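A.B. asks: Let me begin by handing over the structure; questions about it come next.
The values are calculated or read from the model by the stated rules, or taken from the named source; none is laboratory data. Computed from a prediction, not measured in an experiment: that's the story for all the values here. Every residue, glycine among them, receives a Cβ derived from its backbone with ideal geometry; neighbour counts consider all protein chains shown.
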Amino acid sequence: MSDGKESKYAYKFLRFFKRTYRIKEAEPPSDIKEAFLKYSEGKNLMTSDQLLNFLINFQRESDAKIEDADKIISHILQTRHHIAKFTRSNTLTLDDFYHYLFDQHLNFPINPQVCQDMTAPLSHYFIYTGHNSYLTGNQLNSESSCVPIINALKNGVRVIELDIWPNSAEDDIKVYHGRTLTSPVKFIDCLKAIKEHAFVASEYPLVVTLEDHLTPELQAKAAEMITQTLKDVLFTSLECLEEFPSPEALKGKILLSTKPPKEYLYSKAFDEEKKDLCENEELHEEVIENKNEKQVIEDKNDIDSEDSEDSSGESEDTDSSEGKLCSLGVHKYKSLIAIHAKKHKGGLTKSLKLDPSKVERLSLSEQQLEKGSENHGTELVRFTQRNLLRIYPKGTRFNSSNYNPMIGWMHGAQMVAFNMQGYGKRLWAMQGLFRSNGGCGYVKKPDFLMTMDEGNKVFDPEEKLPVKTCLKVRVYMSDGWRLDFKPTHFDTYSPPDFYVKVHIVGVPADAKKFKTETLDNTWIPVWNQEFSFPLTVPELAILRLEVRDHDTGEKDDFGGQICLPVRDLRPGIRTVPLHDRDGKNFNSTRLLMRFEFV
Ligand SMILES: [Ca+2]
Ligand SMILES: [Ca+2]
Ligand SMILES: [Ca+2]
């Protein structure tokens, strides 16, 4: 990295001229020099005891052990000094020390382990949730495939959504985005992909939400496929759950979530008692509403009804005599549903009414939530203390874009469903939040969303909160670009002109944007600038970093990005790896930064 090396970069200039830019390796920032001097007690070499002292007191790694310091030193000596390790005892030079601090594999910015309590009910966590998980591209005519499902699972997503429909012969089940030109994929193939990859990134439970448009016959077939494919990893419960189990208790399990079918229609002979007037009325209403809904869709050619998980009008079209044959199958299908989805109708007050005898899942569109948050804020918070709330993108996001997740999170919504196949700052922020807690896909909700005061009052999202902590972020420098990019990648005739956007994505009171100055024509920019962020809800704050190359007369080029969960940031001097647009880690490109909570 350093050793006073100097290289040259030549750029062709106006065809005949060549302009040469020297690349001088940057010196360690003065903070690093000072820390070395202090902890090595003024010597040229730092021992492992001294390094340990630095880790504990400067980096605030309170549980660091002498073995950790020894390991760092021997790793650095092995990679940097092939001969010196035999001649020099276990100590670091200033340059070794700098090398260690600027190594993205040795000095990462967040805790890589699961570090939160995993024994609370599912409703206490934000869960990494995908929307239309089978789509490869846009919401209108892209292909459906198992590949995006597998990718999502590899990235730690814990809620997969499948829209299931009859095929044209009505003898098999396919997955696609209904009422659009998206091409289908077989349900059974999706189930197999899910089974195979469910726990590659996280051992905590996977929820599969089904948007069910099946006939009772095919629901029976679906039940068969599900039990055959998922077998013992499927979590089922005979009764409707009174409280959700914890992620810890559900490790290695898959839970199905959908609206239970109206099985009483087909099981008259088996279960006469279950049938009651009330339910009949509900069904009647539903038929009318479905008809209206279909009308609306035809009239407006609107696809926003995609998540009306009850929109299948099929059940009431089926003759009850032939229905009897599949009643057992439908019953079985119902018994596989661990998380019952609840229909949203008759206003939010009705949908958010609490039923102490059971817990359920409610789905709202981003617009329904936005509107609902205006005068149902505390009801939403109360509902999400025990029940699950899923928010989905509005249907007009044809290009698979995403929405502001903070509104959902501030109201306790566990499943803020995102289109995972694209990129953009919203998706990066979502990926950032779920880097927290070891990337296991479950992040504990802030305590204030889960508590009630003596007067039985819950948190009001409109309420102004006091500043809890202030995050100080220092951007020292960046390096590695020359190894990951061609000399002319950013500018044809000169090295890039980098600056860093330093944003906090968070609740409105916490959101803030800064950027460093632009440093012209250098592959190793040294900014050494500091920014302060007072935070009222650090649990939901995400540090968004993006490096761009400044250009005059055209749009600045994208360099690299990463979003980090503030509550998991490790204080001290840290190396922040940078990612491309799709979230793939560059091999060498990284930032050297410092984080402090004051
Ligand atoms: Ca450029
Ligand atoms: Ca330039
Ligand atoms: Ca430029």
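A.B. asks: Select from the range 526-584 the residues that are small (Gly, Ala, Ser), crowded, with 22+ Cβ neighbours inside 10 Å and in a strand (DSSP E or B) and list them in ascending order.
C.D. replies: Gly559, Gly560, listed by residue number.
Residues are listed down the side, and each one gets a yes or a no for (1) outside any loop (DSSP other than H, G, I, E, B); (2) within 16 Å of ligand 3 (Cβ to nearest atom); (3) closer than 27 Å to Lys464 by Cα:
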| position | (1), (2), (3) |
| --- | --- |
| Ser478 | yes, yes, no |
| Arg482 | yes, yes, no |
| Thr488 | no, yes, no |
| Thr492 | no, yes, no |
| Pro495 | no, yes, no |
| Phe514 | yes, no, yes |
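A.B. asks: Quick one: in the range 161-180, of everything that is over 28 Å from the mean Cα position of the chain (by Cα) and of a type in the set (A, V, I, L, M), which residue is modelled with the lowest pLDDT?
C.D. replies: It comes out as Ala169.
A.B. asks: How many residues, within the range 525-540, are closer than 23 Å to Arg581 by Cβ, more than 15 Å from ligand 3 (Cβ to nearest atom) and not aromatic (Phe, Trp, Tyr)?
C.D. replies: Residues meeting the conditions: 0.
A.B. asks: Starting from the range 486-514, take each residue that is in the same structural domain as Tyr476 (by TED's automatic domain parsing) and more than 30 Å from Glu463 (Cα to Cα) and list its partners that are in a loop (DSSP other than H, G, I, E, B) and more than 16 Å from ligand 1 (Cβ to nearest atom), counting only C-beta distances under 6 angstrom and pairs at least six apart or across chains.
C.D. replies: Tyr499/Thr516; Val500/Thr516
A.B. asks: Would you confirm whether any residue within the range 482-494 is of a type in the set (Val, Ile, Thr), within 16 Å of ligand 2 (Cβ to nearest atom), touching a Ser or Thr at 6+ places or on another chain (Cβ under 7 Å) and over 24 Å from Gly441 (Cα atoms)?
C.D. replies: Checking the range 482-494: not a single residue is of a type in the set (Val, Ile, Thr), within 16 Å of ligand 2 (Cβ to nearest atom), touching a Ser or Thr at 6+ places or on another chain (Cβ under 7 Å) and over 24 Å from Gly441 (Cα atoms).
A.B. asks: On to the next question. Need the failing condition index for Lys33 against (1) surrounded by fewer than 15 Cβ atoms within 10 Å (Cβ to Cβ); (2) of a type outside the set (Gly, Ala, Ser); (3) closer than 30 Å to Cys440 by Cβ, just the number.
C.D. replies: Every condition holds for Lys33 apart from (3).
A.B. asks: Mind counting the residues in the range 143-160 that are modelled with pLDDT of 95 or more and charged (D, E, K, R)?
C.D. replies: Total satisfying the criteria: 2.
A.B. asks: A further question on this structure: Within the range 237-269, track down each residue that is at pLDDT below 90 and surrounded by 14 or more Cβ atoms within 10 Å (Cβ to Cβ).
C.D. replies: Ser237, Cys240, Leu241, Pro260, Pro261, Lys262, Glu263, Tyr264, Leu265, Tyr266, Ser267, Lys268, listed by residue number.
A.B. asks: Collect the residues in the range 548-577 that are away from ligand 1 (no atom under 16 Å from the Cβ) and either aromatic (Phe, Trp, Tyr) or in contact with a helix residue (DSSP H, G or I) (Cβ under 9 Å, 6 or more places away or on another chain) (or both), keeping them in residue-number order.
C.D. replies: Gln561, Ile562, Cys563, Leu564, Pro565, Val566, Arg567, Asp568, Gly572, Ile573, Arg574, Thr575
A.B. asks: Could you give me the residue pairs with C-beta distances under 8 Å whose first residue belongs to the range 48-74 and is in a helix (DSSP H, G or I), whose second residue is surrounded by fewer than 13 Cβ atoms within 10 Å (Cβ to Cβ) and among the hydrophobic types (A, V, I, L, M, F, W, C) wherever it lies, and which are 6+ apart or on separate chains?
C.D. replies: Ser48/Ile66; Asp49/Ile66; Leu52/Ile66
A.B. asks: Collect the residues in the range 529-547 that are within 16 Å of ligand 1 (Cβ to nearest atom) and in contact with a Lys or Arg (Cβ under 7 Å, 6 or more places away or on another chain), keeping them in residue-number order.
C.D. replies: Glu546 - this is the single residue of the range 529-547 that is within 16 Å of ligand 1 (Cβ to nearest atom) and in contact with a Lys or Arg (Cβ under 7 Å, 6 or more places away or on another chain).
A.B. asks: If you go through the range 406-424, how many residues are more than 19 Å from Gly137 (Cβ to Cβ) and either surrounded by fewer than 24 Cβ atoms within 10 Å (Cβ to Cβ) or at pLDDT below 90 (or both)?
C.D. replies: Of the residues in the range 406-424, 3 are more than 19 Å from Gly137 (Cβ to Cβ) and either surrounded by fewer than 24 Cβ atoms within 10 Å (Cβ to Cβ) or at pLDDT below 90 (or both).
A.B. asks: So is Ser123 polar (S, T, N, Q), out of contact with any helix residue (DSSP H, G or I) (no Cβ under 7 Å at 6 or more places or on another chain) and buried (at least 16 other Cβ atoms within 10 Å of the Cβ) or not?
C.D. replies: Here the answer is no, as Ser123 does not meet what is asked.
A.B. asks: Give me the residue from the range 471-491 that is of a type in the set (D, E, K, R) and more than 16 Å from ligand 1 (Cβ to nearest atom) and, out of that set, surrounded by the fewest Cβ atoms within 10 Å (Cβ to Cβ).
C.D. replies: Checking each candidate, the answer is Lys472.
A.B. asks: On to the next question. If you take the residues of the range 492-508 that are among the aromatic types (Phe, Trp, Tyr) and surrounded by fewer than 24 Cβ atoms within 10 Å (Cβ to Cβ), which of them is nearest to ligand 1 (Cβ to nearest atom)?
C.D. replies: So, considering only residues that are among the aromatic types (Phe, Trp, Tyr) and surrounded by fewer than 24 Cβ atoms within 10 Å (Cβ to Cβ), the one nearest to ligand 1 (Cβ to nearest atom) is Tyr493.
A.B. asks: Cβ-Cβ distance below 6 Å, separation of 6 or more or different chains: which pairs start in the range 570-598 with a residue that is over 21 Å from Gly422 (Cα atoms) and end on one that is among the small types (Gly, Ala, Ser) and at pLDDT 95 or above?
C.D. replies: What qualifies is Ser588/Gly480; Thr589/Gly480; Thr589/Gly560; Arg590/Gly480; Leu591/Ser478.
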